[in-house]
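The values are calculated or read from the model by the stated rules, or taken from the named source; none is laboratory data. In this text, all values refer to a predicted model and were calculated from it rather than measured experimentally. Counting neighbours? That spans all protein chains shown, and the Cβs are built from the backbone with ideal geometry, glycine included.
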Amino acid sequence: MTEPIFDHDRLDVYRLSIEYVSAAFDVSKSLSGLHRHARDQWLRAAQSIPLNIAEGNGKRSLKDRARFFDIARGSAFECAAIKDVLVASGGLDYAYSREMKLKLKRIVSMLTRMAMKFDGVGESAVDYAVAIDYEHEHRDAEHEHEREPEPSRAPEDGLRGFANGKSIVRPR
């Protein structure tokens, strides 16, 4: 990338998301026919990540910033799901998809921390939520459907446990 001009140019998550978009465009050149709809959706979602990071970083209201970082985070999850669809339909190689999903995982982790920071959630709560996100990401996906939802937890740092196996972060 070029020398930073705007504040968002200095953000590691922004630069990483631009790298991801570049890789998505490179891969998408080979997708056509039945895969063209997934390709088009993937490119829109991939572009949405840095666009929402830049727009959110330009907001003066911290709540607005957090909202745009959450939107960018959602677009990253959408990209991950589209990659799964492309792998399942034979449009994308599993090994390359996994490599790209690892980059998305870094983007999601960074955006989670940023959104929570600007949404008024304390730093200890951010660390806890990122640890929970990491724990859920690395569970054995093969047996996930057989597991019972985790019991509700209430740690001292202001978080409230789980619902249907998904972390819920709420300040007290």
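Summary of values
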{"quantity": "Matching residues in the range 26-52 - criterion: being among the small types (Gly, Ala, Ser) and more than 24 Å from residue 9 (Cβ to Cβ)", "calculated": "28, 30, 32, 33, 38"}
{"quantity": "Yes/no for residue 30 being at pLDDT 95 or above and either among the hydroxyl-bearing types (Ser, Thr, Tyr) or within 15 Å of residue 105 (Cα to Cα) (or both)", "calculated": "no"}
{"quantity": "Condition check for residue 104: over 23 Å from residue 10 (Cα atoms), out of contact with any Phe, Trp or Tyr (no Cβ under 6 Å at 6 or more places or on another chain) and surrounded by 19 or more Cβ atoms within 10 Å (Cβ to Cβ)", "calculated": "no"}
{"quantity": "Some residue of the range 30-37 being part of a helix (DSSP H, G or I), in contact (Cβ under 8 Å) with a residue 12 or more places away in the chain and over 21 Å from residue 115 (Cα atoms)", "calculated": "yes"}
{"quantity": "Number of the condition not met by residue 3 [criteria: (1) in contact with a Leu (Cβ under 8 Å, 6 or more places away or on another chain); (2) part of a loop (DSSP other than H, G, I, E, B)]", "calculated": "(1)"}
{"quantity": "Flag for residue 10 being without any contact (Cβ under 8 Å) to a residue 12 or more places away in the chain and either surrounded by fewer than 20 Cβ atoms within 10 Å (Cβ to Cβ) or among the β-branched types (Val, Ile, Thr) (or both)", "calculated": "yes"}
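Here's the yes/no breakdown for (1) in contact (Cβ under 8 Å) with a residue 12 or more places away in the chain; (2) under 15 Å from the mean Cα position of the chain (by Cα); (3) buried (at least 22 other Cβ atoms within 10 Å of the Cβ); (4) part of a helix (DSSP H, G or I):
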| position | (1), (2), (3), (4) |
| --- | --- |
| 55 | yes, no, no, yes |
| 66 | yes, yes, no, yes |
| 69 | yes, yes, yes, yes |
| 80 | yes, yes, no, yes |
| 84 | yes, yes, no, yes |
| 96 | yes, no, no, yes |
